[in-house]
Amino acid sequence: MPPQDTAAGLNPVLPLGTGTHRTGKKTVVIGVMAFAIMNFTTVVSLRGLPAEAEYGLVSIFYFVFAAIVALIPVALIAAELAATFPQNGGIFRWVGEAFGPRWGFAAVYWQWQAWMLWLPTVLIFGSSAVAFIWWPQHFDSALAGNKLYTIAMLLVVFWATTLFTFRGMGASVRLSTLGGLFGTIIPGGILIALAALYVAMGKHIQMPLNTGFFPDFGNAGNMVLAASIFLFYAGMETQAVHVRNLKNPTRDYPLAILLATVLTVVIFVLGTLAVGVIIPHKDINLAQSLLTAYRQLWASIGLPWLGNVMAAMVAFGVLGQVSVVVAGPSVGLLSVAKAGYLPHVLQRTNSHGIPVAILLLQGVIGTALCLAFTVLPSVESTFEILGQLSNIMFLTMYLVMFVAAIRLRYTQPDKPRPFKIPGGNYGMWIVGVIGLLGSLIAGFLSFLPPRQIATGSPEIYIGLLLAGTLLEIAIPFVIFAFHKKGWKAPDSDFEPFDWQTEGRSAGQVSKGRPLVPGLAIAIPPVAVAK
């Protein structure tokens, strides 16, 4: 899940564009294949492959299912919203247009926190990669599983990256571009090629091939890790902010998304199977197995030392991801802050335009998350619970986004939509409901303790997730309740919502047209804060 454009989408920034795509007066037109690659690099990350390797061939079903009920609905709905509301604000504007700024602020906060909770998981993986650079192998594994080492690496890399970000977005973008190429794309291709060669050489395949492609739907505990696939696909909405730069959005966008989806699923499936081919099911470790797979695959052709090189490349890729994730959400949140929804102290920037106060706040939150290591029994269990909490926050944000998209079809029926989900309002309902059901199913599974890894007491595991979720959901509403009009910065570039410009509330239909009968039942009215 490499990071992407923040200024417009309030997600981690993409090294391929800033959201404007203009050079002087000339608008840059993005081709179908280029846009497909942009979306592909947004989503693909190697970090989570071992989690799905637990399932063997059944992982294929999970990847395809999650693409249908999560990746595609998110991408299509975000494309329509981004094309309809191209102004600055991203998810804050989209939800705010439907339900007012209170819910818009909640959505962007959940998105920000989802990235913050995701960050320690990728740092844990990065600390394992650094450990695997050295020799001998038994030392690497022991070091990667050591809590004190992991905490130290997490804090050092996180704060070093935070201080590096003070140099400006340009530096972070360059680092993330190199990290994405040399730390994700190239290592991913090498992993798949090595596994194919391993199989072709007639080596022993560790993955059982008689399990079939469908899971045991009666055993929810065995399906929990599958919910993390939704987190793998998180971020596809980011590139929707560039939909206006396509030559023919109505035709090119769905085609590019289809190409990106197929390529993403293929890479995830083959990468997952590559790990499962070489690592026995009982030995799979969420934070270490990818690195072990590289070492053993290279050893199978007599070049074990190249496994250490791969560990270094993967660690560099993590550094690129961390750099842009630290920078991206903070810059996006700055726009919302200056619009008057966060106090002036969080609006302070340095000479490079970097929100120093927000970055420092992120640092405090990241440091506090390290305390999870003192509660949970292992590095692997910490990796899992933070990943699931991040997943829940993304899903919560997506639930609100889906409902907002449906509502806006009725409250702003005549709004120009350069890209519109085919099938009229029926098409929107179909895509939206599929996304809603997929998010609800994944959200439910995220609360169940996985049977594949040790998480300590199930009651503590569920209690931590439930408490964390309730706290994260409540915080933005508390902050919003205390926001003041005087918080708006004089240099804010946030344009008014359409309903503000038209002198109506977010719940009223544009141009005085009545709500469609039954809509109030399908989507209950939400109190709008003005």
Mean Cβ-within-10 Å packing, highest first, puts peptides 311-323, 172-184, 476-488 in the order 311-323, 172-184, 476-488
Using θ = phi - 60° and the Karplus curve 6.51 cos²θ - 1.76 cosθ + 1.60, what whole-Hz ³J(HN,Hα) does each residue of region 417-433 get, with Gly and Pro shown as x? 10, x, 10, 9, 4, x, x, x, 5, 5, x, 5, 4, 4, 5, x, 5
Per-residue counts of other Cβ atoms within 10 Å, averaged by peptide: what ranking do you get for 425-435, 392-402, highest first? 392-402, 425-435
Report ³J(HN,Hα) in whole Hz for each residue of region 67-73, in order, from the Karplus equation J = 6.51 cos²θ - 1.76 cosθ + 1.60 where θ = phi - 60°; Gly and Pro get x. 5, 6, 9, 10, 4, 5, x
Could you tell me which of 155, 124, 79 has its Cα farthest along the dipole of region 74-180 towards the positive end, charges placed at Cβ (Lys, Arg +1; Asp, Glu -1), taken about the Cα centre? 155
With each label point set 7 Å from Cα along the Cα-Cβ vector, what nm distance links residue 485 and residue 213? 6.0
Probe 1.4 Å, all protein chains in place: accessible area of residue 232 in Å², nearest 10? 20
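The values are calculated or read from the model by the stated rules, or taken from the named source; none is laboratory data. Predicted model only: the values in this text are computed from it and were never measured. Methodologically, a virtual Cβ is constructed for each residue, glycine included, from the backbone with ideal geometry; neighbour enumeration extends over all protein chains shown. With ligands, DNA and RNA removed, areas are computed over all heavy atoms of the protein, side chains included. Shrake-Rupley method; radii C 1.70, N 1.55, O 1.52, S 1.80 Å.
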